[in-house]
1. Can you list the GluC sites (Glu not before Pro) in region 24-130 that are in a DSSP coil and have 11 or fewer other beta carbons within 10 angstrom?
2. Could you pull out every residue, at least 5 positions away or on a different chain, whose amide H is within less than 5 Å of the one on Ser124? Hs are placed 1.01 Å off N in the peptide plane, and Pro or chain starts have none.
3. What's the exposure ranking of His46, His113, going from fewest to most Cβ atoms within 10 Å?
4. Determine the sum of side-chain charges near Asp25: Lys and Arg each +1, Asp and Glu each -1, restricted to other residues whose C-beta is under 13 angstrom from that of Asp25.
5. I need Asp25, Asp94, Asp144, Asp89 ordered by Cβ neighbour count within 10 Å, fewest first.
Amino acid sequence: MDQTDERGLELRGTISVSAAFGDEDEEIPAARALARSFLADVQAGHGFPVSSRAMGMVQLVVSELVTNTRKYAPGPFLVTLEVQNGAVDVSVWDSSTTLPAVLAQDPSRIGQHGLEIVMAVSKSFQVQREPVGKRITAAVVLADDPGGDAAGHRL
């Protein structure tokens, strides 16, 4: 059953939240706040473990993806966070049909490391064309490995 919380955000039957944003720079911290609030609810309201590392990494992924959207696809965008299989899928949709370029690692390059960072801290990363625009999705594991290893994959 779909519900709306006190902020007017849609909470679907699965543990997820979606919010539409405009084209203002203030939307970047608002999207991070959405992620922080959502993960706090996932932990407190639904009992899922959310490590402090996961809290920070999800906000970082949201920030990097939204920053790229603001930079390369001006206009409205949609952020969706959904818990699946012990991870949170962070999806950002925008109306641009231009797919992002994932550059090779280059420590001497100044800037343009956003997707490189997202891929390093995520267990999966995908870009897909939509009927209008594109959707970028990265999954971040919610709980650290019992052995203490941070989740994600090596580039």
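Since every read-out is calculated from the coordinates, none of them should be taken as a lab result. Everything numeric here is computed off the predicted structure, so don't read it as measured data. Using ideal geometry, Cβ is built from the backbone for each residue, glycine included, and neighbour counts are taken over all protein chains shown.
1. Within region 24-130, the qualifying GluC sites (Glu not before Pro) (loop, at most 11 other Cβ atoms within 10 Å) are Glu24, Glu26.
2. Hits under the 5 Å cutoff: Ala139.
3. Working: His46 10, His113 15.
Lowest to highest Cβ neighbour count: His46, His113.
4. Working: positive: Arg32, Arg70, Lys71; negative: Asp23, Glu24, Glu26, Glu27.
My count for the surroundings of Asp25 gives -1.
5. Fewest-to-most ranking of Asp25, Asp94, Asp144, Asp89: Asp25, Asp144, Asp89, Asp94.
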